[in-house]
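Below is one structure; the comments refer to it alone.
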Amino acid sequence: MKQIDIDILVIGSGIAGLSYALKAAAHGRVLVVTKKERAASSTNWAQGGIASVVGDDDCPELHVRDTVVAGAGLCHGAAVRSLVEEGPARVRELIDWGVRFTHVDGRPSLGREGGHSRRRILHAADLTGREIERALLEAVAMHPAIEVLENHVAVDLLVAERDGAGRRCVGARVLDGRSGEPACCHAAVTLLATGGLGRAYRHTTNPEIATGDGVAMAYRAGATVANLEFVQFHPTALYPPGDRTILISEAVRGEGAILRTRDGEPLLDGVHPLGSLATRDVVARAIDLELKRTGEPHVWLDLSAIPPSTLERRFPFIYSACAERGIDIRSEPIPVVPAAHYACGGVLTDRDARTTLPGLYAAGEVACTGVHGANRLASNSLLEAVVYSHRAAARVPEELGRRGAGGCAEPGPAGRVPAGPADRDRWRGMVDRVRTLMWEDAGIVRSDAGLERAESALREMKIESDRDFARLRLEEKLLELRNLVDTALLVVRSARRRRESRGLHHNVDHPYRDNEHFLRDTILSAEARQEAQGR
């Protein structure tokens, strides 16, 4: 097996991984491993923007308040304070790296999205993520200490036992997705920046790579995960989804668009004081309820309050994407439905992005920093990624002095056999079953019976995927299936533990908040798993 020795390993090439790599490279050699082409990330798909206190009428206290209110009681106060207070400096760094945010009359153009009390969303038209990714990739390409391995998928994290010091992550085993050849990457410190888990659901705004890889690998390696029941559904994805789900940015509602029923009535009137600018959990549930009540496949997003010139200038991607579907947003409403969008939980970290497994850090959507609580405030995610990757990079010098050695044996028996067409057809069928199961039983609205049904089915699928992993030659689709099943099971187990409704987790059998018993994070740890298996 090919051996790669590196100082710093980064798994993922979105905003968290690339910004970390640029800073960590000041201390050693960096290898960035990414599943597809380097630009294939959730960052690249982000439309809305990045929230930061830059306006004259804004202040950190307001941004903190908006974040905490959205988080439904579960935000970690210190983590939110770090996000808000350090955010403006991190945004300035993005500008220094070449990110071109939209300006009007020489000043940043600030949008407003659901849950925000002020305009504080910096954006690059309606393709902010693509612009950030462009600038970071150009900076990374020019850096002599950073190497990027495209089309390489991580198989599992490498963990070594240190004499008297316990277990430590010492890198990862990866697979060349094109040649099928495995490689062993040894590193002093590893950052998980693998993005989210949206592909566990039938409808999602996430790219194909978002199969929960980082969460699954970290948990299998013994790291603690938290709050995975809180999956945010973006209220407005273009209907029908087609080959790729098109997100209709919340910033459209920030400019005055209104959600309406099939009869033309404002959907959120009487539901929330902010109307169509309520937080995403409120809006998504309202749409879900309306669709179930009427049997309609979608609701309408009315943009008539926005001048046509503003629509073309401010939202060029949405304008052109809808036009390709025969919708002229200047004169007709957009049909929209909710879609899985963002995981507020993930691999548990401290304020420096350290996981519970020494040597392993996590940043971006894969991590649970405590910032988002039970519901992410719109456009806080890109800010969280740069703030916490910056904090992780500051810890690199001390981690380089703790380098440990570890083996890298090929997983499973030596006599692996190649997968055949029937195996691959079966994997595709299993992926479809996972996505349908999660959408129906662990989606926007849940029940005890549905969650129990989902866990039982996922347990069976885990047995099958683990069996294939042990006997078949490794392929990217098999690895993704394994991670998707493992992550979906963690989401369902987390949801079953929270016997209340809070933020993004709504259970019809427990429709109210229960602060007495559940004003806390949902923790799934390796220790708890071992105790349960021993009983």
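The values are calculated or read from the model by the stated rules, or taken from the named source; none is laboratory data. Remember, predicted model here, so these are calculated numbers, not experimental data. Please note: Cβ atoms are built from the backbone with ideal geometry, for glycine as well, and neighbour counts cover all protein chains shown. Protein only, heavy atoms only, side chains kept; ligands, DNA and RNA dropped before computing areas. Shrake-Rupley method; radii C 1.70, N 1.55, O 1.52, S 1.80 Å.
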If I ask for residues that are over 21 Å from Val68 (Cβ atoms) and hydrophobic (A, V, I, L, M, F, W, C), which ones from segment 111-132 would you list? Leu122, Ala124, Ala125, Leu127, Ile132
Scan of segment 100-121 for residues that are open to solvent by 10 Å² or more (accessible area, probe 1.4 Å) and under 23 Å from the mean Cα position of the chain (by Cα), ordered by number: Phe101, Arg112, Gly115
Please work out which residue is surrounded by the fewest Cβ atoms within 10 Å (Cβ to Cβ), limiting yourself to segment 296-352 and to residues that are of a type in the set (Asp, Glu) and closer than 13 Å to Val252 by Cα. Glu312
Quick one: which residue in Ala89, Ala145, Ala139 is over 24 Å from the mean Cα position of the chain (by Cα), farther than 22 Å from Tyr319 by Cα and open to solvent by 10 Å² or more (accessible area, probe 1.4 Å)? Ala145
List the strands (runs of 3 or more DSSP E) inside segment 254-348, counting only whole elements, that have at least 1 residues being farther than 30 Å from Val366 by Cβ. 258-260, 299-302, 334-343
For segment 176-234, enumerate the residues that are β-branched (Val, Ile, Thr), farther than 28 Å from Gly28 by Cα and modelled with pLDDT of 95 or more. Thr211, Val225, Val231
Tally the residues that are within 10 Å of Val508 (Cβ to Cβ) and open to solvent by less than 10 Å² (accessible area, probe 1.4 Å), restricting the search to segment 437-455. 2
Do we find that Ser494 is surrounded by 21 or more Cβ atoms within 10 Å (Cβ to Cβ) and hydroxyl-bearing (Ser, Thr, Tyr) in this structure? yes
Which of the residues spanning segment 243-281 are touching a Pro at 6+ places or on another chain (Cβ under 9 Å), open to solvent by 30 Å² or more (accessible area, probe 1.4 Å) and among the aliphatic types (A, V, I, L, M)? Ile258
When segment 426-436 is examined, which residues are found to be exposed (fewer than 15 other Cβ atoms within 10 Å of the Cβ) and of a type in the set (A, V, I, L, M)? none
Result of the Cβ filter at 9 Å on segment 414-425, keeping first residues that are closer than 16 Å to Glu464 by Cα and open to solvent by 80 Å² or more (accessible area, probe 1.4 Å) and partners that are of a type outside the set (D, E, K, R) and at pLDDT 95 or above, at least 6 apart or interchain, is Arg424/Leu478
Name the pairs: first residue in segment 159-180 and of a type in the set (A, V, I, L, M), second residue not in a strand (DSSP E or B), Cβ to Cβ under 6 Å, at least 6 apart or on different chains? Val159/Ala221; Ala160/Gly404; Ala160/Gly406; Val170/Gly404; Val170/Gly406; Leu175/Leu474
Do we have Gly214 as surrounded by 23 or more Cβ atoms within 10 Å (Cβ to Cβ) and of a type outside the set (S, T, N, Q) here? yes
Does Glu150 satisfy the condition of being charged (D, E, K, R) and under 22 Å from the mean Cα position of the chain (by Cα)? yes
Is there any pair with a first residue in segment 77-98 that is hydroxyl-bearing (Ser, Thr, Tyr) and a second that is buried (at least 23 other Cβ atoms within 10 Å of the Cβ) and modelled with pLDDT of 95 or more whose Cβ atoms are under 7 Å apart and which are 6 or more apart or on different chains, and what are they? Ser82/Val387
Residues located in segment 456-468, provided they are in contact with an Asp or Glu (Cβ under 8 Å, 6 or more places away or on another chain) and either of a type in the set (A, V, I, L, M) or open to solvent by 20 Å² or more (accessible area, probe 1.4 Å) (or both): Lys462
In segment 160-173, which residues are modelled with pLDDT of 95 or more and either touching a Cys at 6+ places or on another chain (Cβ under 6 Å) or open to solvent by 30 Å² or more (accessible area, probe 1.4 Å) (or both)? Gly171, Ala172, Arg173
